[in-house]
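Scroll down for the structure; my scribbles are underneath it.
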Amino acid sequence: MAERLDDDEIERRLPPEWERDGNEIVRVYPFDNYLDGVTFATRVGEVADEEFHHPEICIRYDEVEVRLTSHEAGGITDTDIRLAKLFDAER
């Protein structure tokens with residue numbers, strides 16, 4: 001099981017455009033239209049499934065919100081930071 005990161009390490013390693021919200025990291029990706037967001041959410045879902053670490057994904061008309069946390073560790077881990085970077089690469 002991945003170890004929970006401390007506050008300083010989260011702040012230092014958090015990718016650009018991601019924010020911390022309690023025990024989660026969050027990013028909202030903007031899109032020109034709904035279907036582009038759906039396509040992105042599908043790609044994120046495929047990456048997450050390959051990594052066996054599943055985010056919360058909320059698809060809205062012109063944006064997709066992604067939230068990551070490691071429930072078993074009780075907070076944010078290296079896995080969450082790594083997946084945030086992988087998701088950004090899908091954008």
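Of the conditions (1) in contact (Cβ under 8 Å) with a residue 60 or more places away in the chain; (2) over 13 Å from ALA84 (Cβ atoms), PRO30 satisfies every one except a single condition; which number is it?
Failing condition for PRO30: (1).
Condition check ((1) more than 24 Å from GLU11 (Cα to Cα); (2) of a type in the set (A, V, I, L, M); (3) surrounded by 13 or more Cβ atoms within 10 Å (Cβ to Cβ); (4) in contact with a helix residue (DSSP H, G or I) (Cβ under 9 Å, 6 or more places away or on another chain)) across all residues:
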site	(1), (2), (3), (4)
ARG43	yes, no, yes, yes
VAL64	no, yes, yes, yes
ALA73	no, yes, yes, yes
ASP78	no, no, yes, yes
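GLU17 fails exactly one of the following numbered conditions: (1) assigned to a helix (DSSP H, G or I); (2) surrounded by fewer than 13 Cβ atoms within 10 Å (Cβ to Cβ); (3) of a type in the set (D, E, K, R). What is the number of that condition?
(1)
Identify, from the list ALA84, ALA2, the residue that is outside any strand (DSSP E or B) and at pLDDT 95 or above.
ALA84
Write out, first by first residue and then by second, each pair whose Cβ atoms fall under 7 Å of each other, whose residues are 6+ apart or on separate chains, and whose first residue, in the stretch 1-18, is touching a residue at least 24 places away in the same chain (Cβ under 8 Å) while the second is assigned to a loop (DSSP other than H, G, I, E, B) and surrounded by 11 or more Cβ atoms within 10 Å (Cβ to Cβ).
Filtered contacts from the stretch 1-18: ARG4/ILE76; LEU5/ILE76; ILE10/ILE76.
Looking at this structure, is ASP6 over 12 Å from GLU90 (Cβ atoms), touching a strand residue (DSSP E or B) at 6+ places or on another chain (Cβ under 8 Å) and either among the β-branched types (Val, Ile, Thr) or surrounded by fewer than 13 Cβ atoms within 10 Å (Cβ to Cβ) (or both)?
Against the criterion (over 12 Å from GLU90 (Cβ atoms), touching a strand residue (DSSP E or B) at 6+ places or on another chain (Cβ under 8 Å) and either among the β-branched types (Val, Ile, Thr) or surrounded by fewer than 13 Cβ atoms within 10 Å (Cβ to Cβ) (or both)), ASP6 does not qualify.
With the checklist (1) assigned to a helix (DSSP H, G or I); (2) surrounded by 13 or more Cβ atoms within 10 Å (Cβ to Cβ) in hand, flag the one item GLU50 doesn't pass.
That leaves (2) as the condition not met.
Looking only at the stretch 56-81, which residues are in contact (Cβ under 8 Å) with a residue 60 or more places away in the chain, among the aliphatic types (A, V, I, L, M) and part of a strand (DSSP E or B)?
none
Under the condition of being part of a helix (DSSP H, G or I) and in contact with a strand residue (DSSP E or B) (Cβ under 8 Å, 6 or more places away or on another chain), which residue from the stretch 24-40 is nearest to ALA73 (Cα to Cα)?
PHE40
The values are calculated or read from the model by the stated rules, or taken from the named source; none is laboratory data. Just so it is clear, the structure is predicted and the values come from calculations on it, not from any experiment. Quick reminder, even Gly has a Cβ in these numbers, built from the backbone with ideal geometry, and neighbours come from all protein chains shown.
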